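First comes the structure, then the notes that go with it.
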Amino acid sequence: MPAVALPALTPYLITAGIGWVMYRRIRRSFGRQPWQPKRTMFRLALMVLLLGMLMMAAIFLPGVAIGIAAGLAGGLLLGGFALRHTRVEWHDGHPTYVPNPWFGGLLTLLLVGRLAWRWSHGAFADGAAATAQQASPLTMAFAGALVGYFLLLNGGLLWRMRQLHAAAG
């Protein structure tokens, strides 16, 4: 493939990559999942980093602070409900958890739908600088909800798995 064709394919490759990541994320929302503490710690650290980035956006981008705060509050609330409906158990001698599929899947689909809506209306056509100047409070609220949700869910899952190990022995 000539090097000139790569820039023309870049949007399609990025879209396919994002689609693959979303597929894997949604697939992990269904059924029994093996407990992987290192992966949970990595996700927790990533969510803390994203939370810091959202806080910077709330400070430096005009008009998005309320959207981010509302999204974080809603995400933390949904994360609490999801954690309450997540089962932790031993299966074949290994710790596992069964997440409630509807909470995380719904939030993920809402964010993807919102980004697709913004993309279809030309929000990302003018480059990163122009996109930052026209940041949408609604989109930032969805991002805040996802960060709050996964921050609470991963932290709570870590805590509940430690309780499961302590109860076993």
Query raised in the report: Across segment 67-92, what is the total count of residues that are touching a residue at least 60 places away in the same chain (Cβ under 8 Å) and assigned to a strand (DSSP E or B)?
Result: 3
Report summary line: MET53 vs (1) over 23 Å from MET161 (Cβ atoms); (2) at pLDDT below 90; (3) loosely packed, with under 14 Cβ neighbours inside 10 Å: all pass except (2)
Requested in this report: Scan segment 58-79 residue by residue and report those that are surrounded by 15 or more Cβ atoms within 10 Å (Cβ to Cβ) and within 14 Å of GLY156 (Cα to Cα).
Outcome: GLY75, LEU76, LEU78, GLY79
Requested in this report: Name the single residue, out of those in segment 93-114 being without any contact (Cβ under 8 Å) to a residue 24 or more places away in the chain and of a type in the set (Gly, Ala, Ser), that is surrounded by the most Cβ atoms within 10 Å (Cβ to Cβ).
Outcome: GLY113
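The values are calculated or read from the model by the stated rules, or taken from the named source; none is laboratory data. Small disclaimer: the values here were computed from a predicted structure and weren't measured. As a convention, Cβ positions derive from the backbone with ideal geometry for all residues, glycine included, and neighbour counts pool all protein chains shown.
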